[in-house]
Amino acid sequence: MEQKAYVGLTGEEVSQRMAQGLSNKADLKAGRTEAQIVTAHLFTFFNCIFVILAVILAVVRSSPKNMTFLGVVVCNCAIGIFQEIRAKRAVDKLSLVAAQQVMTLRDGKFTPVRSDLLVLGDLVEFSAGDQICADGILRSGTLHVNEALVTGEEDAIVKRVGDA
C-alpha cells in the first residue's frame, strides 16, 4: 500500500477555520463567575431568615446583644466566598497548565500545537501513551485505543486506516 504525502493545512486555512469556529476550543468558563459565587453565598435561604430576624429585632428595638448571630452569618459568608473563589482560580490555572501539546502537520512540517488550537482538518501525529484530544479519522498506521471513558469497555480497541 502506497503512503500518501500529506502537507497539512496552511496558516491561512487555519485562520479561516478558527474564524468560522471550527476549532477544538473547550469552554473554560464552565464554572461560575466570581460574581455568581458571591451572589450564591449571600442570597441563601438561611441568610434570608437571619436578615428577617435581624430586621424584626431592630423594629422592636431589641438589644444589639440579641443580634450577635449576624457576626456568625457574615463570617460564614466571607469564609465560603473566599474558599470558593480561591479554588476556582486554582482550577482555572491548572486548566491552562494542563493544556496538551500535539504534533500537528501544518505547512508541510510537524509543529507542536496546543490541543485547543486544533481546527477541523488538522493532521495530528500520536505516539504511545498520548491522549486523543479530538475526534478524527485514522489516515495511516494502526492505533490501540482505550475507549473506556466513552464506552465503558476496558479492552483496547484496534483502529486501522479509515476508522473513526
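The values are calculated or read from the model by the stated rules, or taken from the named source; none is laboratory data. Owing to the predicted nature of the structure, the values given are computational and were not obtained by experimental measurement. Backbone-built Cβ (ideal geometry, glycine too); neighbour counts: all protein chains shown. The accessibility values were calculated without ligands, DNA or RNA, using every heavy atom of the protein model including side chains. Shrake-Rupley method; radii C 1.70, N 1.55, O 1.52, S 1.80 Å.
Listed values, structure above:
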| read-out | value |
| --- | --- |
| Extreme residue, surrounded by the most Cβ atoms within 10 Å (Cβ to Cβ), among residues of region 94-115 that are at pLDDT below 80 and not polar (S, T, N, Q) | Ala99 |
| Residues of region 131-153 classified as over 28 Å from Gln20 (Cα atoms) and charged (D, E, K, R), total | 2 |
| Subset of region 28-69 (residues that are modelled with pLDDT of 90 or more, among the hydrophobic types (A, V, I, L, M, F, W, C), within 30 Å of Lys93 (Cβ to Cβ) and open to solvent by 60 Å² or more (accessible area, probe 1.4 Å)) | Ala35, Leu42, Phe43 |
| Per-region count, region 127-164, residues of a type outside the set (A, V, I, L, M) and within 22 Å of Asn24 (Cβ to Cβ) | 16 |
| Hey, Val73 surrounded by 13 or more Cβ atoms within 10 Å (Cβ to Cβ) and more than 27 Å from the chain's Cα centre (by Cα) or not | yes |
